[in-house]
Amino acid sequence: AGRSREHSRPTPSQSRFQVDLVSEAAGDGGTAVASDSPPEYAAVPPFDGLRDSEEAKGRFRVVNFAASSPDAAPAEIAQNGDTVMSESSQQHHHYDTHTNTYYLRTFGHNTIDAVPNIDFYRQTAAPLGEKLIRPTLSELHDELDKEPFEDGFANGEELTPAEEAAAKEASESKGVVKFGWIKGVLVRCMLNIWGVMLFIRMTWIVGQAGIAYSCIIVIMATVVTTITGCSTSAIATNGFVRGGGAYYLISRSLGPEFGGSIGLIFAFANAVAVAMYVVGFAETVVELLNSSGALMFDVTNDIRIVGTITVILLLGISVAGMEWEAKAQIFLLVILISAIFNYFIGTFIRVESKEKFGFFSYDVGILAENFGPDFRGETFFSVFSIFFPAATGILAGANISGDLADPQMAIPKGTLLAILITGLVYMGVAISAGASIVRDATGIESNMTINGSNCTDAACKFGYDFTSCRPAAGGGKTACEFGLHNDFQVMSVVSGFGPLITAGVFSATLSSALASLVSAPKVFQALCKDNIYPGIAVFGKGYGKNNEPLRGYLLTFGIALAFIVIAELNVIAPIISNFFLASYALINFSVFHASLANSPGWRPSFKYYNMWVSLAGAILCCVVMFIINWWAALLTNVIVLSLYIYVSYKKPDVNWGSSTQALTYHQALTHSLQLCGVADHIKTYRPQCLVMTGAPNSRPALLHLVHAFTKNVGLMVCGHVRISSRRPNFKELNSDMVRYQRWLLHNNSKAFYTPVVAEDLRQGTQYLLQAAGLGRLRPNTLVLGFKNDWHIGDIKDVETYINLMHDAFDFQYGVVILRLREGLDISHIQGQAFASTPVKDVVVSIDMSKDSDADSSKPSSKATSVQNSPAVQKDSNHICTENLIWTDSLNKVGLTLLIPYLIANKKKWKDCKIRVFIGGKINRIDHDRRAMATLLSKFRIDFSDITVLGDINTKPKSEGLTEFAQMIEPYKLREDDMEQEAAEKLKSEEPWRITDNELELYKAKSNRQIRLNELLKEHSSTANLIVMSMPLARKGAVSSALYMAWLDTLSKDLPPILLVRGNHQSVLTFYS
């Protein structure tokens, strides 16, 4: 235990900024330099995992570090002393400057800064190497006051549960079977594309469409698949691809909504495709049994029996592991290629016994006769719809992306080469069949031509007259059973060895079934791991070193078996084809969408794609869907849309950096800039509020009130001034910004959280008033909570509070103040069910607007009260009423009218009725009522009643006057009791004090606030909310204490009240 390194270990500070050169043999703690080390680098002890983990902490944090094996192969040494890490070696050389996380001389001197290293950029501990955490900016930049990484992971890079699972999976992945581009992609795609269609339908297509149209059909299908292949390649080369195939590509590009919907139907389509291919194989087997008279029961039940046995055998191959499955695919490919070559060789060998079946080898006359179409009960598009499913299967390689050694290289190369080879073979079969086989043949040798007969067909010169096989002019079926039109098995006739074609049919069906049987569980496993749909995670569990989804295999087996037993595949087949096409369409659209978003993160290494070509490919896929089967296309679209809506509603908590996010940002930026180029207009006015909530969850009443009228209407910014005279903790500030913004989103509050650090509240509010918002998306109203404790707290806080309003008016903001009897700040009772109190329930549901365009500096007021809010009437049917009171000129009403209108537009306030109270003279009551009714009707604002208060100018009651005098008594200057010089000095030191002259000058305005409070109590004491215009105080003329007394007197002992003063810009117009 007494190792020498214990004596020579550097101190924590040394571990960051000073490195002592240490030798294993230096018992006295001295330094030594190894003779074999490069000149610039000191020899240090080998890094041996856990033993040096404490030292490592001083430099970098290693996630899932695997200790190097004693017998590991030595790493290659570059000339500059750096280690070249191989995939198979985790050995750290003693002077490896990239991976040794303690001793580092990157720039020729000791530093914790590091050159770029791929291990810094890994999401998790991948098989290719360990994840290292690079030094944070704060570690390099901040003062030396703490140890590196003392707060845990650098940059907050804690692993999510999904990443931890992936890291665990990666760390256990030694010995995993990985495929290259040939065995993993090319072979699978070719086997899947070369389906049974190649052998039993291609010749029929040539008979119907002719050589020219058949080639066009093949080219059209190849164009669609090639575009999709290019799009797949682009997505696959834009970063590391995990398992999941089409689902992974689409979900990481377009997001979980599209990915989740496609992933489910794509996995289901592959599962049902297993049944289709197996039934195709079983039908061929049963035909052979039937021809030899060896049927077990009847044809249908024999198909079910053979199909069941076949799918069980395929399941066994799949469960045995990907390596066995790959070997089986290679074997099937050899048979398939042999069958294809067998056919082509047979076309060159003219056999007299085959001529009666319509085969005469290559002949110009036959080619000319078959060059044009001869549709019999079909059309070009119906023939195309029959062929196109044969061209699908291009995602067979991508579907096992997790089992590929290098998906970024394998998927593009293997997929595109498979499309090219299979396309050429399809065209070769079409041309060769059309040039060597006639459309109709009797199969009877007695059909020899007679000299002098009127035989004009291509077969006539070979001595055969098949004119009797032509259908009547009105259509109908021919009596002949051979030729391109009539014999699906004509390729067996042409081939050099007929049974090999049958083996090719078996190979094509079984290989496609096997590929689908592997693809479906792999895709479904990736879908389960992402936890997008509830209840399916059980199928995502992997087993063995290859993480095989055995439960997914069993589920796929069950689905396939069910459809084999049902045997209604003629109905299911077009739906499956449409499911595949929907996947292709979305892959193409993903590339277009990502290119359109113009995100810097979209930089695929595969360059042979074009966003508009990809869009055309997506449209073509949709068109082909409807060509194949219109009702299946509609059904597919309905299913995809339904799943999309479901996933959108569930909002899975994932963030994959999709192109949807990138395009959203791009559009937001573009539209924000466009808004800046258009001047404000009165008709487009929107309430945009800077709400001084502090921490948003500390004043929920204020937050919900403003949110109620800005939701889907205007901007809301939650301002938070963090008062600090010391150096601010920006890390904590950024952390809170993320946390509170998430809180707002979680509570469905459409608002932004914006904190600032300042020395006092006023300075911080000034920062927000000047800098909050972006372009036209800037607040125009400051919303505050009322300072209920102003008369018992520090009077300097009142001075600051009043100055906030003056600053807002200076910046052309409106001001809104909310007052509750109980106060607004509930931060001292966080964690309790604060929303259970009735008043706060009311406020949560209030729908209010922001700044008031209340005009005038005259002694004026406006008020609105809302009675029986929807929050109160949850279990009752009370009538909701809003009361509007104002006393100033009827020509300027602004937001005082707009507020009730916004409230009435809300769903919860649909039963509200607006009652209007206006102050007026006793002899002009009728006139004022008619004038207000006219104004409201021109503004198109509904109301139920207008009341003119003729006693608004009556002198307040003596109790109110006495109470007001007692309220302001502590804040009087009392200049009569001191000398003038002393009074002026005190006033300059304490500007909030009220002078006798000021009190006398504004006596009428003070009395107006007292009288208005009496009227509010008389008419709106039962209201749930009152909205009232806020009295305006001239800056520098009215002291803070007197202004605060006005606000307190006006709003005391009332239900929740909103004091509003706008910036006196018009917000209403009756012009169109």
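The values are calculated or read from the model by the stated rules, or taken from the named source; none is laboratory data. This one's a predicted model, so the numbers in the text were calculated from it and none came from an experiment. So basically every Cβ, Gly included, is an ideal-geometry build from the backbone, and we count neighbours across all protein chains shown. For accessibility, only protein heavy atoms count, side chains too; no ligands or nucleic acids. Shrake-Rupley method; radii C 1.70, N 1.55, O 1.52, S 1.80 Å.
Given the criteria part of a strand (DSSP E or B) and either surrounded by 21 or more Cβ atoms within 10 Å (Cβ to Cβ) or within 34 Å of the chain's Cα centre (by Cα) (or both), does R722 qualify?
Against the criterion (part of a strand (DSSP E or B) and either surrounded by 21 or more Cβ atoms within 10 Å (Cβ to Cβ) or within 34 Å of the chain's Cα centre (by Cα) (or both)), R722 qualifies.
Going residue by residue through the range 679-694, is there one that turns out to be in a helix (DSSP H, G or I) and in contact with a Phe, Trp or Tyr (Cβ under 7 Å, 6 or more places away or on another chain)?
no
Mind listing whichever residues of the range 224-252 are open to solvent by 10 Å² or more (accessible area, probe 1.4 Å), within 17 Å of the chain's Cα centre (by Cα) and closer than 20 Å to D653 by Cα?
Residues satisfying the conditions are Y248, R252.
Here are the criteria: (1) more than 21 Å from L620 (Cβ to Cβ); (2) open to solvent by less than 20 Å² (accessible area, probe 1.4 Å); (3) modelled with pLDDT of 85 or more. Tell me which single one Y426 does not satisfy.
Checking Y426 against (1) more than 21 Å from L620 (Cβ to Cβ); (2) open to solvent by less than 20 Å² (accessible area, probe 1.4 Å); (3) modelled with pLDDT of 85 or more, the one that fails is (1).
In the list A585, A560, which residue meets the criterion of being within 22 Å of the chain's Cα centre (by Cα) and part of a helix (DSSP H, G or I)?
Checking each option against the conditions leaves just A585.
Take the residues in the range 783-813 that are of a type in the set (F, W, Y) and either more than 41 Å from the chain's Cα centre (by Cα) or not in a loop (DSSP other than H, G, I, E, B) (or both); name whichever of them is nearest to K1035 (Cα to Cα).
Going through the qualifying residues, I end up with F809.
With the requirement that a residue be touching a helix residue (DSSP H, G or I) at 6+ places or on another chain (Cβ under 8 Å), surrounded by fewer than 24 Cβ atoms within 10 Å (Cβ to Cβ) and touching a residue at least 40 places away in the same chain (Cβ under 8 Å), what does the range 590-608 give you?
L596, A597, N598, S599, G601, W602, P604, S605, F606, Y608
Among the listed residues K957, K1035, K1052, which satisfies the condition of being within 27 Å of N780 (Cβ to Cβ) and in contact with a helix residue (DSSP H, G or I) (Cβ under 9 Å, 6 or more places away or on another chain)?
K1035
What are the residues in the range 647-663 that are free of Cβ contacts under 8 Å to residues at least 60 places away in the same chain and either part of a helix (DSSP H, G or I) or under 22 Å from C621 (Cβ atoms) (or both), if any?
Once the filter is applied, which keeps residues that are free of Cβ contacts under 8 Å to residues at least 60 places away in the same chain and either part of a helix (DSSP H, G or I) or under 22 Å from C621 (Cβ atoms) (or both), the range 647-663 yields only Y649.
Considering each of T947, T881, T896 in turn, give the residue that is out of contact with any Gly (no Cβ under 7 Å at 6 or more places or on another chain), over 19 Å from I1057 (Cα atoms) and either at pLDDT below 75 or of a type in the set (V, I, T) (or both).
On the way: T881 fails: over 19 Å from I1057 (Cα atoms); T896 fails: over 19 Å from I1057 (Cα atoms).
Sole residue among the options that is out of contact with any Gly (no Cβ under 7 Å at 6 or more places or on another chain), over 19 Å from I1057 (Cα atoms) and either at pLDDT below 75 or of a type in the set (V, I, T) (or both): T947.
Residues of the range 1051-1065 being among the charged types (D, E, K, R) and part of a loop (DSSP other than H, G, I, E, B), which ones? Break it down into steps so the answer makes sense when it comes.
Applying the first criterion (among the charged types (D, E, K, R)) to the range 1051-1065 yields 1052-1053, 1061.
Scanning the range 1051-1065 gives K1052, D1053.
I need every pair where a residue in the range 505-534 that is at positive phi has its Cβ under 9 Å from the Cβ of a residue that is assigned to a helix (DSSP H, G or I), sequence separation at least 6 or different chains.
N531/A162; N531/A537; N531/G540
Can you tell me which of (1) at pLDDT 75 or above; (2) of a type in the set (A, V, I, L, M); (3) closer than 30 Å to S595 by Cβ is the one L198 doesn't meet?
Condition not satisfied by L198: (3).
Tell me which residues, restricted to the range 517-532, are in contact with a Leu (Cβ under 8 Å, 6 or more places away or on another chain) and open to solvent by 20 Å² or more (accessible area, probe 1.4 Å).
F524
Which residues, taken from the range 205-218, are in contact (Cβ under 8 Å) with a residue 60 or more places away in the chain and of a type in the set (A, V, I, L, M, F, W, C)? If you could, list the steps in order and put the result at the bottom.
Filtering the range 205-218 down to residues in contact (Cβ under 8 Å) with a residue 60 or more places away in the chain leaves 205-215, 217-218.
Once the filter is applied, which keeps residues that are in contact (Cβ under 8 Å) with a residue 60 or more places away in the chain and of a type in the set (A, V, I, L, M, F, W, C), the range 205-218 yields I205, V206, A209, I211, A212, C215, I217, V218.
For A209, only one of the following conditions fails: (1) under 36 Å from the mean Cα position of the chain (by Cα); (2) assigned to a helix (DSSP H, G or I). What is its number?
Status for A209: all satisfied but (1).
Among the residues of the range 267-279, is any open to solvent by less than 30 Å² (accessible area, probe 1.4 Å), of a type in the set (F, W, Y), at pLDDT 85 or above and over 18 Å from S401 (Cα atoms)?
There is no residue in the range 267-279 that is open to solvent by less than 30 Å² (accessible area, probe 1.4 Å), of a type in the set (F, W, Y), at pLDDT 85 or above and over 18 Å from S401 (Cα atoms).
When the range 666-710 is examined, which residues are found to be of a type in the set (S, T, Y) and in contact with a Cys (Cβ under 7 Å, 6 or more places away or on another chain)?
T693, T710, listed by residue number.
Working carefully through the options I366, I394, I419, find the one that is buried (at least 22 other Cβ atoms within 10 Å of the Cβ), in contact (Cβ under 8 Å) with a residue 60 or more places away in the chain, farther than 30 Å from F580 by Cα and not polar (S, T, N, Q).
Just one listed residue meets the conditions, I366.
If a residue has to be open to solvent by 60 Å² or more (accessible area, probe 1.4 Å), under 30 Å from S648 (Cα atoms) and not hydrophobic (A, V, I, L, M, F, W, C) to count, how many in the range 534-560 make the cut?
4
Which one of L690, L745, L643 is surrounded by 12 or more Cβ atoms within 10 Å (Cβ to Cβ) and closer than 23 Å to I1057 by Cβ?
L690
Restricting the search to the range 709-725, which residues are within 21 Å of R742 (Cβ to Cβ) and either in contact (Cβ under 8 Å) with a residue 40 or more places away in the chain or of a type in the set (A, V, I, L, M) (or both)? Walk me through it before giving the result.
Here is the first cut: in the range 709-725, the ones within 21 Å of R742 (Cβ to Cβ) are 710-712, 715-722.
Correct list: T710, L715, M716, V717, G719, V721, R722.
Just the residues that are over 54 Å from the mean Cα position of the chain (by Cα) and closer than 14 Å to L1016 by Cα, please, taken from the range 918-947.
Selection gives G919 alone.
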